[in-house]
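First the structure, in the form of C-alpha cells, and then the observations on it.
Every number here is computed from the coordinates shown, using simple stated rules; none is lab data. Just so we're clear, the structure is a prediction, and the values are computed from it rather than from any experiment. Reconstructed Cβ throughout: ideal geometry from the backbone, glycine too, with neighbour counts over all protein chains shown.
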Amino acid sequence: MIGCFDLPRKPSLKKPPQSPEFVDTKFWLYTRQTTTDLDINYDDILFCAKNLQVTKHNAHLLQYGDGSKSIKNSGFDPKKPLKVLIHGFKGSGKDKGALSGVKEFLKLEDVNVVVVDWEKGAADGYSTAVANTELVGRQTAIMLMDLIGWGASVKDIHVIGFSLGAHIAGCAGEMLKSRGFKLGRITGLDPASPLFKHHVVREPSTKLDATKADFVDVIHTDGSRVFTDGFGLLRPIGHVDFFPNGGREQRGCNDGRGSVVVSHFEGTVNSSVVCSHIRAWQLFLESVINLQNPDGCQFIGYPCLEGSDGFIRGKCFIEPRKRCLPGDPECNIMGMGAYVNGARGALYLATRDSNPYCGEQMQLNVEISPTAEKTRGYLNVRLKHGDHFTNFKVTDE
C-alpha cells in the first residue's frame with residue numbers, strides 16, 4: 001500500500017525509513033462537535049517540546065486502509081474544510097503547541113482538524129527522522145485519499161507542516177498528484193534545511209515546493225546561507241514566501257549560531273537554540289488568532305527586488321498599508337489569511353520582538369544637515385502608542 005523507497009543520493013546517508021509498525025503514525029481528528037475545550041494557553045506554543053504534552057486530548061483516532069470504519073465512527077464531516085497539522089523533529093501530536101493550533105482553528109471556523117502524530121519516527125537522530133518523512137508523507141496521503149473517498153473535497157484540504165513536517169506535507173502532495181488529486185493549500189512553517197538543501201540528499205519529489213498544491217505559502221524564520229547557522233531554508237520554494245525580519249535570526253531570539261549540527265545530529269533540541277525556528281509556528285498561530293477579530297492585526301508582507309537588506313533600509317517600503325486587501329499586487333498577508341490572489345514571490349516584513357508579534361510597520365527617515373560634521377553613532381528612538389512604548393536603535397547600517 002505504501003510502496004518502495006529510493007535511498008538518498010549521498011552514500012554516507014543511505015538510510016531507508018523505519019518500519020511503519022515502529023513509526024506508528026497516528027491521525028487524530030478534532031471537531032467542534034466531538035472535542036471538549038482544550039486547556040491550552042497562548043504561551044504553550046512551542047511545537048517541539050516534549051515536556052509540554054497533553055495527556056488527555058479527547059480526539060478520535062483515524063486509521064487508513066480499514067474500509068473507512070474509523071472515519072464513519074469519528075464525527076468527520078466531509079462537507080466542512082479540513083486542516084491538517086504536522087509536527088517536526090522531536091515533536092509529538094500531543095504537544096501543547098500542536099493542540100493550541102487545534103483549539104484556535106476550531107475557534108475560528110467549524111472545520112475538521114487532523115493532527116498527524118509521528119512522534120516515534122521523529123524521536124531518534126535527525127537523519128533517521130529525515131528518512132521517515134517520506135514514509136509519513138505517503139501515510140498521510142493515503143489517509144487523505146480515504147477522507148476524499150468519504151466525500152471530502154481535495155480543494156478544501158489545507159496542510160500545515162512545521163520544519164520536517166513541511167516536507168512531509170510535500171511528500172503527501174506529490175503522492176496525491178500521482179493519484180489524480182491536488183491539494184488546495186500547503187503552508188510550510190520554516191521548512192527544514194539540513195539534508196534538503198539543493199537536492200544534495202533528498203529528491204525533489206520528497207520535499208515541499210510550489211508544485212505540491214494549488215497554493216503553497218511559506219514562512220521562513222531561521223534560514224541561513226551557512227549550513228551550521230540555521231534550521232530552515234532561506235530560498236523561496238512556494239507561490240509566496242514570507243521572510244519576517246529577513247527570514248533569519250528573529251527579533252527577541254539569541255540563537256546559538258553554529259549549533260545546528262550538534263542539535264540536529266545529536267538529537268538535542270532546546271528552546272534557546274530553536275527560538276527563531278519555532279517563531280514560524282508562533283507567527284502562524286498568532287495569525288489564526290488575529291483572524292478571529294475582523295480588525296485583527298495583519299502581518300503584511302511587501303515585495304522587494306533588493307531583498308531583505310533593501311527592505312530593512314527602507315527601499316521597498318514606499319506605501320505602507322494599514323490593511324492589505326485581496327487582489328492587491330503590492331502586498332499579501334503572512335499566515336492563515338494569506339491571499340491566493342495577493343502579491344506572490346518573496347515578501348518581506350518586520351515583527352515585534354515579543355508576543356504579540358504583529359504590529360503596524362512604520363518607516364523612519366532621519367535627515368541630517370549636509371553641512372553637519374561627519375560622525376558615527378546611533379539614535380535611540382522611543383515610540384509611544386497608547387499606554388505602551390517601543391524602544392529601538394537606528395544605526396547607519
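Listing Lys69, Lys103 from fewest to most neighbouring C-beta atoms within 10 Å gives Lys69, Lys103.
Less than 5 angstrom separates the built amide H of Val84 from those of Val114, His158, Val159, Ile160, all sequence-distant by 5 or more or on a different chain.
What does the highest-first list of 157-164, 366-373, 351-358 look like by mean Cβ count within 10 Å? Walk me through the intermediate numbers first.
Working: 157-164: 28.2, 366-373: 6.1, 351-358: 15.6.
Top to bottom by mean Cβ count within 10 Å: 157-164, 351-358, 366-373.
Please work out how much length the chain gains when fully extended from Arg251 to Arg235, using 0.36 nm per residue of separation minus the C-alpha to C-alpha distance, in nm with one decimal.
The Arg251-Arg235 span can extend by a further 3.8 nm.
In what sequence do Val288, Val154 fall when counting other Cβ within 10 Å, fewest first? Walk me through the intermediate numbers first.
Values: Val288 22, Val154 18.
Going from least to most buried by this count: Val154, Val288.
Listed by chain and number, the lysines placed with their C-alpha closer than 19 angstrom to that of Lys155 are Lys79, Lys80, Lys83, Lys177, Lys182, Lys212; residues fewer than eight positions away on the same chain are left out.
Protection proxy ranking of 139-147, 337-345, 167-175, by the mean of other Cβ atoms within 10 Å over each peptide's residues and highest first, is 167-175, 139-147, 337-345. With neighbour counts taken as other beta-carbon atoms within 10 Å, the residues Lys384, Lys83 rank, fewest first, as Lys384, Lys83. A simple spin-label model places pseudo-atoms 7 Å from Cα toward Cβ; at Val394 and Arg352 they are separated by 2.2 nm.
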